[in-house]
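A.B. asks: Structure incoming, see below.
The values are calculated or read from the model by the stated rules, or taken from the named source; none is laboratory data. Please read these numbers as outputs of a predicted model, since none were measured by experiment. Using ideal geometry, Cβ is built from the backbone for each residue, glycine included, and neighbour counts are taken over all protein chains shown. With ligands, DNA and RNA removed, areas are computed over all heavy atoms of the protein, side chains included. Shrake-Rupley method; radii C 1.70, N 1.55, O 1.52, S 1.80 Å.
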Amino acid sequence: SMSADEQLLPREIHKLLKTGSFARRIYYLPEVDSTNRIAKQFAKNGEQHGTLVIAGFQTAGRGRRARRWVSPPHRNLLFSLILRPAVSSSAALTLTLAFSLTIAETLSELLGVDLKVKWPNDVVSSAGKICGLLSESSSSAGRASFVVVGIGINVNVRGTEMPRGLGAVSCYSLTGVEHDRKVVLLTLIPRLEEAYGLFLARGFKPFVKRYVARLSLLDKRLKYGGCGRQVTGEAVDVRDDGALVIRSGDELLSIYDEEGPLT
């Protein structure tokens, strides 16, 4: 039988993957500090659109606001996609939202568990976070020359292997069974490609209703610190431009991730 990571070798994935441009080229790295760092380097050197960079083990995965995210080897799916979209660099936020929705929907089907999206870049169950996304764009004159989307999914990591207080779950901890990471990847990549095509054609608009329907923060009280003010309110909507809408008293505020932390 194949060793833990041979399942993720490019030839194994290529044999079974039917896509137009996504993952036509695949790099598999047994150990890496961060797939996004490598993917950005590849993209700067002219690597083609759709290229997939997969890591067996990631030693310095970055979450939002530089939180550390280290997973045991051979348990999780850690990958980055290089995208060369003809979109403005400000569209990186909405692309992240469209992708996190796609992952939430796909994993919900695979696992038979109802997963939600935690604006702006996590997929969660009621018990904790199962997937994080980190999109980084490189732009010139307001046009993105490339966007790298890093995706980390907790697949077979056990509850005991996750730091307490991190609020993390995995496909295994939610279902009690081992999941083949290759199957998860093969299911996800075509769905992400389909979402990307729709996003290029019509932006975030066709995703908004489904996104709001899965919004974990909906109607939850939250504190927001940004733009020099402290606000408490509840999340009521997400706009076509990806902004989270908070109702605070009789005021509606639209906030973007860069503006400050949500708690």
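A.B. asks: Could you tell me the ratio Rg/Rh of the chain? Both radii from Cα atoms, Rh via Kirkwood.
C.D. replies: On the way: Rg = 17.9 Å, Rh = 18.8 Å.
The Rg/Rh ratio comes out at 0.95.
A.B. asks: So for the pair D33, T187, with labels modelled 7 Å out along Cα→Cβ, what separation do we get in nm?
C.D. replies: For D33 paired with T187, the spin-label model returns 3.4 nm.
A.B. asks: Whenever you get a sec, compute what percent of the accessible area on the chain sits on carbon and sulfur atoms (1.4 Å probe). Before the final figure, lay out each step's value.
C.D. replies: Numbers: 6050 of 11910 Å².
Ligands and nucleic acids excluded, carbon and sulfur reach 51 percent.
A.B. asks: Enter the angle in degrees (range 0 to 90, nearest 10) between the Cα long axis of helix 181-202 and the first principal axis of the Cα atoms of the chain, meaning the one along which they spread out most.
C.D. replies: 50 degrees
A.B. asks: Using packing as a proxy for protection, rank 76-82, 169-175, 219-225 so that the peptide with the highest average count of other Cβ atoms within 10 Å comes first.
C.D. replies: Details: 76-82: 25.3, 169-175: 20.9, 219-225: 12.9.
Ranked from most to least packed, the peptides come out as 76-82, 169-175, 219-225.
A.B. asks: Taking only protein heavy atoms into account and a 1.4 Å probe, give the accessible area per residue of the chain in Å². Before the final figure, lay out each step's value.
C.D. replies: Values: 11910 Å² over 263 residues.
Value returned for the chain: 45 Å² of accessible area per residue.
A.B. asks: Calculated from DSSP H runs of 4 or more alone, at -39500 (n - 2.57) each and per residue, what is the 222 nm mean residue ellipticity of the chain, nearest 500? If you can, show how the numbers build up before the last one.
C.D. replies: Details: 6 runs with 70 residues, N = 263.
Mean residue ellipticity, 222 nm, calculated: -8000 deg cm²/dmol.
A.B. asks: Which pairs in the list K18/K44; K18/K209; K18/K182; K118/K220; K116/K209 are over 19 Å apart, alpha-carbon to alpha-carbon? Let's see the in-between values first.
C.D. replies: On the way: K18/K44 27 Å; K18/K209 28 Å; K18/K182 14 Å; K118/K220 11 Å; K116/K209 13 Å.
Over 19 Å apart, Cα to Cα: K18/K44; K18/K209.
A.B. asks: Related question: Determine which aspartates and glutamates satisfy two conditions relative to K15: a Cα distance under 15 Å, and not lying fewer than 8 residues away in the same chain.
C.D. replies: Candidates past the 8-residue exclusion: E6.
A.B. asks: Here is a further query. From the P(r) of segment 134-213, could you give the percentage of C-alpha pairs in the tail past 22 Å? Kindly include the intermediate steps, with their values, before the conclusion.
C.D. replies: On the way: 1514 of 3160 pairs.
Beyond 22 Å sits 48 percent of the P(r) for segment 134-213.
A.B. asks: Let me ask you something else. At 0.36 nm per residue, and after removing the present C-alpha to C-alpha distance, how many nm does the segment from D114 to E161 gain when stretched out fully?
C.D. replies: Details: separation 47, 0.36 × 47 = 16.92 nm, distance 2.32 nm.
That pair, D114 and E161, stretches by 14.6 nm at full extension.
A.B. asks: Next question. Please list, in order, the residues from segment 143-169 whose amide nitrogen is less than 20 Å from a point placed 7 Å along the Cα→Cβ vector of D180.
C.D. replies: 153-157
A.B. asks: Which value in nm describes the separation of the simple spin-label points at K220 and L9, placed 7 Å from the Cα toward the beta carbon?
C.D. replies: 4.2 nm
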